[in-house]
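J.: I am attaching a structure below and will ask some questions about it afterwards.
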Amino acid sequence: MDVGIYCLQTARMLTGEDPVWVSAQETRTDPVKFKEVEETIAWQAKFPSGVVVNSMSTYNANGFQGFRAATSKGWFGMDPAYYYGGNRGRRSDGPEINIPVDDQFALELEDFADCVLNKRQTKVSGEMGMADVKYLMAIYESVKKGRPVTLA
């Protein structure tokens, strides 16, 4: 969950939608080392607009911590996309994407304090977090059942 949440949130934010079904598979190459936590989960999600997302989350590999989105007009991607030391990416039309290094936890706390002081809602609501958990649990359910899971 700790690693896969980034893939799920990226898909939800890029599409602006919630998945209507998920299908997932788990791989464990070392059942002793990964006795209490999944090693790798690969999953697909379909969204109402027809977008299909292919994602993978693993605790046993390094090297790719990004995403790539393809559209009918081009592509864009970030790699790395989830680092604390700055993120970068590319677009099919050429320009590089560079996100400077910031203390993400400090920014989150400052935003939360500003929400309290100025009586405004946070961009990342508790409802969004609950929805993330719902979809992560559906991914685990798909692994357990060995088939896709339809979401309401």
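The values are calculated or read from the model by the stated rules, or taken from the named source; none is laboratory data. Keep in mind the model is a prediction, meaning the values are calculated, not measured. As a convention, Cβ positions derive from the backbone with ideal geometry for all residues, glycine included, and neighbour counts pool all protein chains shown.
J.: Looking at the range 115-152 only, could you name the residues that are among the acidic types (Asp, Glu) and exposed (fewer than 10 other Cβ atoms within 10 Å of the Cβ)?
T.: Glu127
J.: Among what's in the range 104-114 and is surrounded by 10 or more Cβ atoms within 10 Å (Cβ to Cβ) and under 20 Å from the mean Cα position of the chain (by Cα), pick the residue that is farthest from Glu26 (Cα to Cα).
T.: The selected residue is Leu107.
J.: In the set Met13, Met56, Met78, which member is of a type outside the set (Lys, Arg) and touching a Lys or Arg at 6+ places or on another chain (Cβ under 9 Å)? Quick ask: steps written out before the conclusion?
T.: Numbers: Met13 fails: touching a Lys or Arg at 6+ places or on another chain (Cβ under 9 Å); Met56 fails: touching a Lys or Arg at 6+ places or on another chain (Cβ under 9 Å).
Criteria check complete, one pass: Met78.
J.: Residue check: is Ala61 surrounded by 14 or more Cβ atoms within 10 Å (Cβ to Cβ), at negative phi and small (Gly, Ala, Ser)?
T.: Answer is no for this residue.
J.: So Val53 clears everything in (1) out of contact with any Cys (no Cβ under 9 Å at 6 or more places or on another chain); (2) of a type in the set (A, V, I, L, M, F, W, C); (3) under 30 Å from Gly146 (Cα atoms) except one condition, right? Which one?
T.: Unmet for Val53, out of (1) out of contact with any Cys (no Cβ under 9 Å at 6 or more places or on another chain); (2) of a type in the set (A, V, I, L, M, F, W, C); (3) under 30 Å from Gly146 (Cα atoms): (1).
J.: While we're on this one: With assigned to a loop (DSSP other than H, G, I, E, B) and modelled with pLDDT of 90 or more as the only criterion, which of Phe34, Phe64 stands out?
T.: Phe34
J.: Looking only at the range 70-84, which residues are under 18 Å from the mean Cα position of the chain (by Cα) and either surrounded by fewer than 12 Cβ atoms within 10 Å (Cβ to Cβ) or among the small types (Gly, Ala, Ser) (or both)?
T.: Hits for the range 70-84 are Ala70, Gly77, Ala81, Tyr84.
J.: Still on this structure, please answer the following. Quick check on the range 115-132: of everything there that is part of a loop (DSSP other than H, G, I, E, B) and either among the basic types (Lys, Arg) or under 19 Å from Gly16 (Cα atoms) (or both), which residue is farthest from the chain's Cα centre (by Cα)?
T.: Lys119
J.: Name the residue, out of Asn87, Asn98, that is surrounded by 12 or more Cβ atoms within 10 Å (Cβ to Cβ), under 21 Å from Met13 (Cα atoms) and of a type in the set (S, T, N, Q).
T.: Asn87
J.: Further, regarding this structure: Checking Ile99 against (1) closer than 30 Å to Ala152 by Cα; (2) of a type in the set (A, V, I, L, M); (3) free of Cβ contacts under 8 Å to residues at least 24 places away in the same chain, only one condition comes out false. Which one?
T.: Evaluating Ile99 over (1) closer than 30 Å to Ala152 by Cα; (2) of a type in the set (A, V, I, L, M); (3) free of Cβ contacts under 8 Å to residues at least 24 places away in the same chain leaves (1) as the failure.
J.: A follow-up question, please. Could you identify the single residue in Gly77, Gly89, Gly129 that is under 30 Å from Lys145 (Cα atoms) and not aliphatic (A, V, I, L, M)?
T.: On inspection, the qualifying residue turns out to be Gly129.
J.: Return the residues of the range 37-61 that are modelled with pLDDT of 90 or more and part of a loop (DSSP other than H, G, I, E, B); say none if nothing qualifies.
T.: Correct list: Glu39, Phe47, Pro48, Ser49, Gly50, Val51.
J.: OK, next. Could you pull out the residue among Phe76, Phe64 that is in contact with a Gly (Cβ under 8 Å, 6 or more places away or on another chain) and aromatic (Phe, Trp, Tyr)?
T.: Within the list Phe76, Phe64, the selection yields Phe76.
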